[in-house]
Amino acid sequence: MNLDLIVVGDGLAACTLLLSLPQTFKVGVISNMKSLELSSERYRDELLKLMSIEHDFDSHIANTITEGDGLCNEEVVRKVVAKTPSIMQWLRDMGLKMPLIMMEEGSCAKKKVQIELFQDLIQKINALPNLVWIGEHEALELISDGSSVSGIFAQNVINEKVSIFYASKIVLADRGVIPLYPNPINSNISQYSGIAMAWRAGAAIENLEFIQFSPTLMLPNASERNIPNKKIDDEKIYLDSTESIRVIQNAYLKLNSNNALTRLVYSEMQSQNSLNTFIEIERMAIEEKLGLSKTAVSFYQNSKVNNSNYRVPIFLTANQACGGIATDLAGSTSIRGLYALGEIAHTGLHGANTLGGNLMLESIAMGRSCAKVITSCIVSPQKTQQERIIFTGAIPSISESASSDIKEILWTCAGVVRNNKNLIGGYEALKEIEYKEKIFQPYGRALRIRNIFDTANLIFRSAIGRCETRGCHINDDYPLKTSIKTTSISGFNRAYYWGYVKRGI
């Protein structure tokens with residue numbers, strides 16, 4: 001299938017791009033979802049913060065730079081934050097009707113405004129006449145000569161059929177590394193091939209070692225747990241410990257409250273060899289401030305420590321990557337025709353940490369800017385590209401069962417707290433997985449596990465290159481900060497379709 005543009009991913013950055021492009025372009029969207037869905041819960045706090053940024057640019061710029069711990073590009077920060085008024089107007093044009101004061105009345109109002117906003121966005125996108133929805137597909141590999149892209153391989157997640165889609169412009173807007181860690185912020189995420197594909201196509205990867213985790217309440221049932229993902233960052237919290245009870249005061253949890261609490265929770269989890277630990281939360285906080293359902297409140301009431309506090313299970317949510325594919329603010333990479341937007345991109349906005357509001361701000365700003373650039377330089381795909389056909393047999397591959405091992409290695413060796421022994425040990429463990437005797441698997445499965453492996457490998461290489469403690473992670477062997485630098489890994493320029501694609505007659 002020939003298209004003017006292919007978009008991989010269906011998050012806010014991708015949706016912004018789709019709504020900002022001329023309807024004369026034929027655009028294909030590759031998504032693992034059967035139909036478009038936007039998680040309003042994902043952007044609840046982001047939307048509130050974004051609305052407050054509009055009234056205090058200077059403070060938000062200063063906080064972003066401080067939170068970035070020396071690695072923010074100040075020029076990028078100022079340019080992105082300056083776009084806030086136009087972004088807010090765009091959101092209002094898209095359906096954001098309720099003023100901030102109504103959103104502050106309580107969680108029900110917050111939830112209502114977001115559901116209305118994102119339902120409006122979905123309706124507008126579904127009405128686009130130029131959109132080709134390539135649902136229930138997973139992107140696997142870019143067709144690249146190392147300097148430009150011309151198409152993409154994607155697999156149907158139902159029947160595993162692999163197809164090629166051609167376009168002179170390809171936009172990667174998936175969730176990157178987040179699904180490779182336990183408890184990603186949205187458990188429905190499965191598309192994480194973008195960074196590996198871009199790297200093999202020749203694009204550089206920057207600061208991929210910084211992955212932000214957030215302490216999150218464990219709710220009483222799976223469906224409810226997957227939706228709210230309530231963050232805990234500003235209440236008085238008593239961390240459960242077999243040795244002692246530590247009281248973390250609000251005065252200590254200021255700007256870096258999320259990082260401080262994350263590290264303590266991580267240490268408790270490691271000491272207990274568990275994926276969760278327990279905290280005590282003040283009764284008033286859990287009933288009135290966290291906006292939980294009656295089911296959740298009832299669940300916690302059965303875990304009362306005393307009349308004032310509840311004992312609540314807590315885990316760490318993989319929330320956002322600070323680094324990714326090196327791009328400018330329009331999403332342009334070093335590979336002609338290849339763009340990356342939102343969380344998968346590294347523009348210099350986040351530095352070594354993320355600040356509330358910047359995820360949404362960056363996603364919308366990049367989506368709109370990328371649309372302008374693409375609009376000015378669309379080129380139709382070459383007809384000769386239609387001659388390629390896929391070898392459909394099995395190829396040598398890493399075992400598909402290794403994916404769970406890779407994720408466990410990432411969490412254990414490249415989590416919140418790190419050290420040289422674990423980082424090098426994790427990197428060597430990945431090598432052992434790669435060099436084990438290969439099995440033969442269908443082409444699509446082989447590429448899928450390769451994307452998992454390459455992404456994990458890039459995280460370890462980036463983390464090993466960061467010989468200091470900075471931002472959202474601790475390296476026990478390097479407790480002090482060193483000189484400010486960006487960790488960069490050059491593109492590999494090796495596509496795994498080479499040797500398995502041949503020209504037709």
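The values are calculated or read from the model by the stated rules, or taken from the named source; none is laboratory data. Quick caveat: nothing in here was measured; it's all calculated off a predicted structure. So basically every Cβ, Gly included, is an ideal-geometry build from the backbone, and we count neighbours across all protein chains shown. The accessibility values were calculated without ligands, DNA or RNA, using every heavy atom of the protein model including side chains. Shrake-Rupley method; radii C 1.70, N 1.55, O 1.52, S 1.80 Å.
Scanning region 126-179 for residues that are outside any loop (DSSP other than H, G, I, E, B), acidic (D, E) and in contact with a helix residue (DSSP H, G or I) (Cβ under 6 Å, 6 or more places away or on another chain) returns a single hit, E141. State whether the residues of region 38-60 include one that is touching a strand residue (DSSP E or B) at 6+ places or on another chain (Cβ under 8 Å) and open to solvent by less than 20 Å² (accessible area, probe 1.4 Å). No, region 38-60 has no match at all. Only one of the listed residues (I152, I185) is among the β-branched types (V, I, T) and either surrounded by fewer than 22 Cβ atoms within 10 Å (Cβ to Cβ) or modelled with pLDDT under 90 (or both). That residue is I185. In the set I178, I143, I125, only one residue is open to solvent by less than 10 Å² (accessible area, probe 1.4 Å) and modelled with pLDDT under 85; that residue is I178. Which condition does H473 not pass, out of (1) modelled with pLDDT of 90 or more; (2) within 23 Å of the chain's Cα centre (by Cα), if it passes all the others? With respect to (1) modelled with pLDDT of 90 or more; (2) within 23 Å of the chain's Cα centre (by Cα), H473 is out only on (1).
Would you be able to say whether some residue in region 412-424 is among the hydrophobic types (A, V, I, L, M, F, W, C) and surrounded by fewer than 17 Cβ atoms within 10 Å (Cβ to Cβ)? Yes, there is a match, as at least one residue in region 412-424 is among the hydrophobic types (A, V, I, L, M, F, W, C) and surrounded by fewer than 17 Cβ atoms within 10 Å (Cβ to Cβ). Only one of the numbered conditions (1) touching a helix residue (DSSP H, G or I) at 6+ places or on another chain (Cβ under 7 Å); (2) open to solvent by 20 Å² or more (accessible area, probe 1.4 Å) is not met by T24, and that is (1).
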